[in-house]
Structures are given as C-alpha cells and as structure tokens.
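Undergrad: First the structure, which I've put down as structure tokens, then a few questions once you've had a look.
The values are calculated or read from the model by the stated rules, or taken from the named source; none is laboratory data. Given the structure is predicted, the values throughout are model-derived calculations rather than measurements. Here the Cβ is made from the backbone with ideal geometry for all residues, glycine too, and neighbour counts use every protein chain on show. Surface accessibility is based on the protein's heavy atoms, side chains included, excluding ligands, DNA and RNA. Shrake-Rupley method; radii C 1.70, N 1.55, O 1.52, S 1.80 Å.
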Amino acid sequence: LHDALPISQSCDLRQDLRVKVGKASAAYRSMSKTIFLNRCLGIPLRLKLLDALVLPIIFYGSGSWPLLSARQFQFLASTITKWQRQIAGKGFWKEDNVTDAEFRACWHIPPLAVRLAKHRLLFLLQLHRCGPQVVWDLVTAEDDFCRSSWFDAVRQALTWLGTMIPDFPSLAWTSEEILQWVHEASPQTQN
C-alpha cells in the first residue's frame, strides 16, 4: 500500500504530475518511431500498446489522487489525447477534424474521468482489504475537517459508477456510507 501513494515527498500533486508526464513523454518519444508511429502495426494495436507501455507511468498511484483542478485535469487529458491522435493520424491539422469526444468514441477510448474513477475505486477496495484502521481514521478525519478530501474524488467515482449499474444505491456518499459500501462490495477473504 505504501508504494501506491503517488504524491512526492513535498506533497505537491502538481509536481508529481509534471514528473510523471515528463517520464511518460520520454517513454512515448523513445518508442514513437518503432511502435506508436509504425504503420505496419494497426492503429488499435498501437493504442493498446500506449495503454500498456506509457499510460501506466502517469496513472501509477492515481487511485489515491484527490480531485484534480481543472487545469491539472486538462493538462493530463490533452497530453494523453495528443498521443492518441498522433497514433491514429487524426490531429487537428486534418480536414476531417473531429472533437476529442468523437475521436475517443470512434476508437473506443475511455475518457480521463472514467480512467481516474476506475483507479480510485480500485484503490478504495485495496485500501479496505489491506489498509490499517489508522488510515481509515485519517481519511475520514480529512473528509470531516478539510474543504477538499480524497473522499470527494471517491464520491465522484461512485456517482459515475451509479450511472453504469442499474439499482446502484443513490446516496449522498457520506464517509460512513462509503465505508459501508466498500465493506459490502469487497469480497470476503477466508483465512
């Protein structure tokens, strides 16, 4: 669990995002000619390779990120979309220009908000399985006393999940309701 905490030692998410995007950009450039822009490989394969080889650098530990600011979110979304458009050869320089949403729909690419929701929910389940009680005490205290908390990001992820699953509980998602949901959603481990 300790290795999953993504924030740099200075607790600066902005710096952490810049470092991760820098490393991912270097990885993308190093494989660009041989993989991502290689027309001998189909576009769907190259997009999957981007998901497997580059995007994990950015998303490592993203389950524990708080809600991103609009600027941080846009920075990540535009960086990833730029790579995806380069791979598909569908940049804004083309005459048949499409919006980012149309581009993602065409290639069945989930938007950044969905990716982040998935990572946060998976981290929540993992935290429930492995996290000591003191972590839950700190997370719920943060939610009670801070203007913005990690639980705010989890609430957004649970709200999104509710749009995907029929009969999903429609709750305010208080910290108690989140803890109850994750306890019920987690598979019971047997010793």
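Undergrad: Where residues in the stretch 172-181 are of a type in the set (A, V, I, L, M) and under 26 Å from residue 69 (Cβ atoms), which of them is surrounded by the fewest Cβ atoms within 10 Å (Cβ to Cβ)?
TA: Applying the filter and picking the extreme gives 172.
Undergrad: A further question on this structure: Check the stretch 100-117 and report whether any residue there is under 17 Å from residue 13 (Cβ atoms) and surrounded by fewer than 17 Cβ atoms within 10 Å (Cβ to Cβ).
TA: yes
Undergrad: Given the criteria within 18 Å of the chain's Cα centre (by Cα) and more than 21 Å from residue 171 (Cβ to Cβ), does residue 112 qualify?
TA: Yes; evaluated as a whole, the condition is true for this residue.
Undergrad: Failed condition for residue 186, given (1) polar (S, T, N, Q); (2) closer than 30 Å to residue 30 by Cβ; (3) touching a His at 6+ places or on another chain (Cβ under 9 Å), with all others met?
TA: (2)
Undergrad: I'd like the full set of residues that are open to solvent by less than 70 Å² (accessible area, probe 1.4 Å), farther than 15 Å from residue 176 by Cα and part of a helix (DSSP H, G or I), limited to the stretch 128-150.
TA: 130
Undergrad: Take the conditions aliphatic (A, V, I, L, M), closer than 24 Å to residue 45 by Cβ and touching a helix residue (DSSP H, G or I) at 6+ places or on another chain (Cβ under 6 Å) and apply them to residue 105. Does it pass?
TA: no
Undergrad: From the list 41, 112, 76, 53, which residue is modelled with pLDDT of 95 or more and within 23 Å of residue 163 (Cα to Cα)?
TA: 112
Undergrad: Within the stretch 151-171, can one find any residue that is assigned to a helix (DSSP H, G or I), touching a residue at least 60 places away in the same chain (Cβ under 8 Å), open to solvent by 60 Å² or more (accessible area, probe 1.4 Å) and out of contact with any Asp or Glu (no Cβ under 6 Å at 6 or more places or on another chain)?
TA: Yes, there is a match, as at least one residue in the stretch 151-171 is assigned to a helix (DSSP H, G or I), touching a residue at least 60 places away in the same chain (Cβ under 8 Å), open to solvent by 60 Å² or more (accessible area, probe 1.4 Å) and out of contact with any Asp or Glu (no Cβ under 6 Å at 6 or more places or on another chain).
Undergrad: Hey, among the residues in the stretch 20-68 that are open to solvent by less than 50 Å² (accessible area, probe 1.4 Å) and hydroxyl-bearing (Ser, Thr, Tyr), which one's nearest to residue 142 (Cα to Cα)?
TA: Among residues in the stretch 20-68 that are open to solvent by less than 50 Å² (accessible area, probe 1.4 Å) and hydroxyl-bearing (Ser, Thr, Tyr), the one nearest to residue 142 (Cα to Cα) is 64.
Undergrad: Provide a single number: the residues in the stretch 116-154 that are modelled with pLDDT of 95 or more and basic (Lys, Arg).
TA: Total satisfying the criteria: 2.
Undergrad: So residue 133 fits all but one of (1) out of contact with any helix residue (DSSP H, G or I) (no Cβ under 7 Å at 6 or more places or on another chain); (2) within 25 Å of residue 73 (Cα to Cα); what number is the exception?
TA: So residue 133 meets the others, but not (2).
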